[in-house]
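Presented below is the structure to which this report refers.
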Amino acid sequence: MPKGKIAVITGASRGIGRSIALALAAEGAKIVAVDLDLAATEGVVEELKALGAEALAVVGNVTVAADAEKMVDAAVQSFGRVDILVNNAGITRDGLLVRMKEEDWDAVLTVNLKGAFLCTKAVSRVMTKQRFGRIINIASIVGQMGNAGQANYCASKAGLIGLTKSNARELAKRNITVNAVAPGFIATAMTDALPEKAREELAAQIPMERLGSPDDIANAVLFLAAERSGYITGQVLAVNGGMYM
Ligand code: NAI
């Protein structure tokens, strides 16, 4: 398991990213937590340190190439290498197609898809030299099945699955695996923003009859990050309570 491994996690200050950071730290990984806001990112780093983990807060915007380089450099300077990258930062700007503004399309595609491209590109330089790496992209169930009102978000997550498979093929010979986790509906700030009725309707479509928790996703990330998962690459692991099979 990731004992002594170095993990860079984007969007780590809350929600699913925070749970992934805590879960990897609990298994002995050293964490580089990346997010937009310094205070929030340092808050998670304090939590990680309280668990006895080594952790570093990096303020970075995944849409900026120089920031992607900065987070990788910070990890290498502090801890010597990068074993695990979790591309978790993501946003929504929902709206029906006819009303969706061009800037909402661009913002979502830029954070969710270009962000993962930039961070993967930056880390692949280091992982290639190491001949080891685990890259895990947080996609979404709606990238697999579509969702009315989320054309931009669904396209970004479907694109992320394509990026995952392409990168998996390119990096396999360097002993770097690239996989995606596709969460169903998970109780976080992102889904809290939905109206109560919409959340009830969603839960009714889930065979498990409940929204997932951030820990459900963190557990899937732990599995893919493990040394013993080294022959699994280019896969999409759905963690959705059976909502989409
Ligand atoms: P969240 O909104 O609670 O957290 C996302 C984090 O990403 C925030 O801390 C935010 O500051 C950070 N972030 C946003 N833009 C950034 C940027 N440009 N650079 C760096 N950090 C940035 O969201 P949540 O629910 O924890 O989602 C995490 C990931 O899981 C996202 O990729 C999301 O699309 C995905 N997901 C979430 C689901 C859910 O039901 N909550 C379902 C399926 C996928």
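The values are calculated or read from the model by the stated rules, or taken from the named source; none is laboratory data. This one's a predicted model, so the numbers in the text were calculated from it and none came from an experiment. As a convention, Cβ positions derive from the backbone with ideal geometry for all residues, glycine included, and neighbour counts pool all protein chains shown. Remember, those area values only see protein heavy atoms, side chains included, never the ligands or the DNA or RNA. Shrake-Rupley method; radii C 1.70, N 1.55, O 1.52, S 1.80 Å.
Here are some notes:
- Residues (in a helix (DSSP H, G or I), out of contact with any Gly (no Cβ under 7 Å at 6 or more places or on another chain) and within 15 Å of the ligand (Cβ to nearest atom)) located in the stretch 148-163: A151, N152, Y153, A155, S156, G159, L163
- Within the stretch 165-193, being over 17 Å from T128 (Cβ atoms), open to solvent by less than 20 Å² (accessible area, probe 1.4 Å) and touching a strand residue (DSSP E or B) at 6+ places or on another chain (Cβ under 8 Å) holds for N179, A180, V181, A182, P183, G184, I186.
- L96 vs. criteria hydrophobic (A, V, I, L, M, F, W, C) and in contact with a helix residue (DSSP H, G or I) (Cβ under 6 Å, 6 or more places away or on another chain): no
- Any hit, the stretch 215-235, residues being over 24 Å from V111 (Cα atoms) and open to solvent by less than 20 Å² (accessible area, probe 1.4 Å): yes
- Meets criteria (acidic (D, E) and under 16 Å from the mean Cα position of the chain (by Cα)) for D215: yes
- Conditions (1) within 16 Å of the ligand (Cβ to nearest atom); (2) over 15 Å from the mean Cα position of the chain (by Cα); (3) open to solvent by 20 Å² or more (accessible area, probe 1.4 Å); number of the one not met by T41: (3)
- Members of the stretch 171-192 that are within 15 Å of the ligand (Cβ to nearest atom), out of contact with any Pro (no Cβ under 7 Å at 6 or more places or on another chain) and under 20 Å from A12 (Cβ atoms): N179, A180, V181, A182, P183, A187, A189, M190, T191, D192
- The single condition from (1) away from the ligand (no atom under 14 Å from the Cβ); (2) under 17 Å from the mean Cα position of the chain (by Cα); (3) of a type outside the set (S, T, N, Q) that G15 fails is (1).
- Residue count for the stretch 123-147, restricted to those that are touching a residue at least 60 places away in the same chain (Cβ under 8 Å), over 18 Å from A89 (Cα atoms) and in a loop (DSSP other than H, G, I, E, B): 0
- Test for K3: is it open to solvent by 50 Å² or more (accessible area, probe 1.4 Å), at negative phi, charged (D, E, K, R) and part of a loop (DSSP other than H, G, I, E, B): yes
- For the stretch 28-38, a residue qualifies if it is of a type in the set (D, E) and either within 13 Å of E54 (Cβ to Cβ) or surrounded by 24 or more Cβ atoms within 10 Å (Cβ to Cβ) (or both), and exactly one does: D35.
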